[in-house]
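Asks: Below you will find the structure I want to go over with you.
Readers should treat all values here as calculations from the given coordinates under stated rules, not as data from a laboratory. None of the values given here were measured: they were computed from a predicted structure. Positions of Cβ are backbone-derived with ideal geometry, glycine not excepted, and every protein chain shown enters the neighbour counts.
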Amino acid sequence: MSCKDSRISGFHKKGSEERLELIKERTDLSDEAIEKLTGEGLSDEAADMMIENVIGTYEMPIGVATNFKINDEDYLIPMVIEESSVVAAASYGAKLARNCGGFKASSTDPVMISQIQVTGLDDPYAARAKVLENKEGLKDLADAQDPVLVEHGGGVQDIRCRVLDSRFGPYLVVHLLVDCRDAMGANAVNTMAEAVAPEIEDITGGKVYLRILSNLAENRIARSRAVWSKKEIGEDVVEGVIHAYEFARVDPYRCSTHNKGVMNGVTAVVAATGNDTRAVEAGAHSYAASCEGYSPLTTWEKTEDGDLVGTIEIPMPVGIIGGATSSHPTAQANLELMDVEDAQELGEVLASVGLAQNFAALRALASEGIQRGHMKLHAKNVAVQAGAEGDQIEKVASKIIEEDKVRVDRAKEILEELGD
């Protein structure tokens with residue numbers, strides 16, 4: 001690991017240049033990566049290669065979450081997000097988990113599902129049997145589409161079939177389970193599905209319409225667990241977090257916001273590494289809804305000693321190669337900062353960030369409320385909205401925090417007073 005120690009005292013009080021120097025001291029980050037983090041970022045030429053009709057680029061802040069210890073290794077974790085308090089909350093949650101050993105994470109193999117929809121079948125179960133009888137030939141045909149992936153230990157691991165009822169008669173849905181190794185894998189599994197579709201039509205006598213990956217990546221799971229000491233966070237907080245979790249477990253209205261809080265952290269790191277935020281969000285929420293009702297992505301319990309223990313289980317379709325991860329220079333630098341060795345390790349880091357984020361949010365909700373800390377960190381934004389510039393920003397922000405009136409109208413009044 002490149003990070004020698006993710007604990008950096010007073011990191012949030014430093015200027016951006018000082019923060020970068022501290023990161024350089026604690027990591028093996030190359031000069032090239034530093035330049036990518038602080039330079040112009042994505043060029044117009046590179047942007048034009050990524051999507052259509054490009055007219056410019058749009059910048060977002062990169063923050064670094066500190067204090068993370070995952071599987072006994074330290075990580076500094078880049079987060080790209082516009083919302084105040086998210087980076088601070090993740091860092092705080094990780095800091096309080098360190099004294100009990102930090103996060104223990106694990107993951108399954110990086111297997112994605114590609115679906116082939118077969119229609120027009122009089123006997124779908126006979127068709128299912130025929131597909132499974134030809135499994136090995138179909139696997140070989142699919143693997144032939146990506147020999148490099150197969151060479152690196154990936155490729156089709158299994159083929160499964162489901163029969164679904166529809167308004168238009170039964171569908172046979174064929175699943176290719178593809179180990180994508182260090183790629184997210186969308187292009188690979190889609191290409192494989194399109195290649196085997198004509199063969200499946202010949203085998204079944206049906207007609208194939210859709211040939212596409214599923215974002216419900218139930219076979220590509222990351223898990224993390226951590227303990228927070230009751231002596232450090234207080235018994236009332238332990239009880240409050242457990243009751244907050246139970247509220248989410250029994251009420252979908254609350255559960256939606258509970259899981260959004262998890263994804264605040266997860267999505268920020270997914271964005272920082274150039275991965276597909278929509279795929280990860282869709283997979284997480286559909287996984288939460290794949291059992292009865294809609295459930296929290298995390299669980300919270302008490303240990304025998306009364307400490308708080310949190311766990312998370314979440315699909316993690318992310319990669320460290322391919323797509324924007326390989327083409328965006330800042331995404332490359334952020335991956336270098338984390339120094340993850342493969343996609344599974346990245347998934348484990350993401351799960352741990354989601355758990356830390358959820359802890360911090362529930363702790364705040366169960367004690368002083370979410371707005372106190374959030375609005376304190378939001379104060380500078382409010383000052384800028386009111387028209388403050390330069391040194392005025394800090395003065396206005398400090399005053400509205402002191403008065404506990406973090407509002408644009410009050411910020412404007414203070415700004416006028418400063419001008420008098």
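Asks: Where in the range 36-105 are there chymotrypsin sites (Phe, Trp or Tyr not before Pro) that are in a DSSP coil and have at most 14 other Cβ atoms within 10 angstrom of their Cβ?
Replies: Tyr58
Asks: Sticking to Cα atoms, compute the Rg of the range 270-420 to one decimal and its Dmax as the biggest Cα-Cα distance, whole number, in Å.
Replies: That works out to 20.8, 62 Å for Rg and Dmax.
Asks: Any lysines with Cα under 16 Å of the Lys130 Cα? List them, leaving off those in the same chain fewer than 8 positions away.
Replies: Lys139, Lys207
Asks: With just the Cα atoms defining each centre, how far is the range 302-340 from the range 393-418? Give it in Å.
Replies: 37
Asks: If the cut-off is a Cα-Cα distance under 21 Å, which lysines reach Lys405, setting aside same-chain residues fewer than 8 apart in sequence?
Replies: Lys376, Lys380, Lys395
Asks: Further question on the same structure: What's the whole-number percent of alpha carbon pairs in the chain lying beyond 27 angstrom?
Replies: 59
Asks: Would you kindly state how much longer the chain becomes between Leu132 and Glu25 on full extension, computed as 0.36 nm times their sequence separation minus their alpha carbon distance, in nm to one decimal?
Replies: Full extension of this stretch gives 32.9 nm more.
Asks: Another question, then. When a footprinting reagent is the concern and you count Cβ atoms within 10 Å, what order do Lys260, Lys130 take, fewest first?
Replies: Lys260, Lys130
Asks: State the Kirkwood hydrodynamic radius of the range 372-419 in Å, one decimal place, computed from all pairs of distinct Cα atoms.
Replies: Hydrodynamic radius (Kirkwood, Cα only) of the range 372-419 equals 9.9 Å.
Asks: Quick one: compute the contact order of the range 372-419, relative version, from alpha carbon pairs under 8 angstrom and 6+ residues apart, as a percent.
Replies: Once normalised by length, the contact order is 41 percent.
Asks: Same structure, new question: Relative contact order, percent, of the chain when contacts are C-alpha pairs under 8 Å separated by at least 6 residues?
Replies: Relative contact order, the chain: 19 percent.
Asks: Return the single residue from Glu59, Glu218, Glu83 with maximal mean-square fluctuation; model: Gaussian network over the chain, springs between Cα atoms under 10 Å.
Replies: Highest fluctuation among the options: Glu59.
Asks: Something else: Counting only C-alpha contacts under 8 Å and six or more residues apart, can you give the relative contact order of the range 162-230 as a whole percent?
Replies: Reported relative contact order: 19 percent.
Asks: Could you compute the FRET efficiency for Lys14 and Asp251, with r as their C-beta to C-beta distance and R0 at 51 Å, rounded to 0.05?
Replies: 0.80
Asks: Right, something else. How much length, in nm to one decimal, is gained on full extension between Asn187 and Asn53, taken as 0.36 nm per residue of separation minus their Cα-Cα distance?
Replies: Taking 0.36 nm per residue and subtracting the Cα distance, the gain is 46.1 nm.
Asks: Related question: Take Arg167 and Lys395, extend 7 Å from each Cα along the Cα→Cβ direction, and tell me the distance between the two endpoints in nm.
Replies: Using points 7 Å along Cα→Cβ, the separation is 6.5 nm.
Asks: What's the extension gain from Glu45 to Lys207 if we count 0.36 nm per residue and subtract their Cα-Cα distance?
Replies: Result: 54.1 nm gained on full extension.
Asks: Which residues' amide hydrogens lie under 5 Å from the amide hydrogen of Phe68, considering only partners 5 or more residues apart or on another chain, with H built in the peptide plane?
Replies: Long-range HN contacts for Phe68: Tyr75.
Asks: Moving to a separate point now. Please compute the modelled spin-label separation between Arg160 and Val309, points set 7 Å along Cα→Cβ, answer in nm with one decimal.
Replies: Result: 2.8 nm between the two label points.
Asks: Moving on to the next point. I need the fraction of alpha carbon pairs in the range 111-214 separated by more than 18 Å, rounded to a whole percent.
Replies: So the pairs more than 18 Å apart make up 40 percent of the total in the range 111-214.
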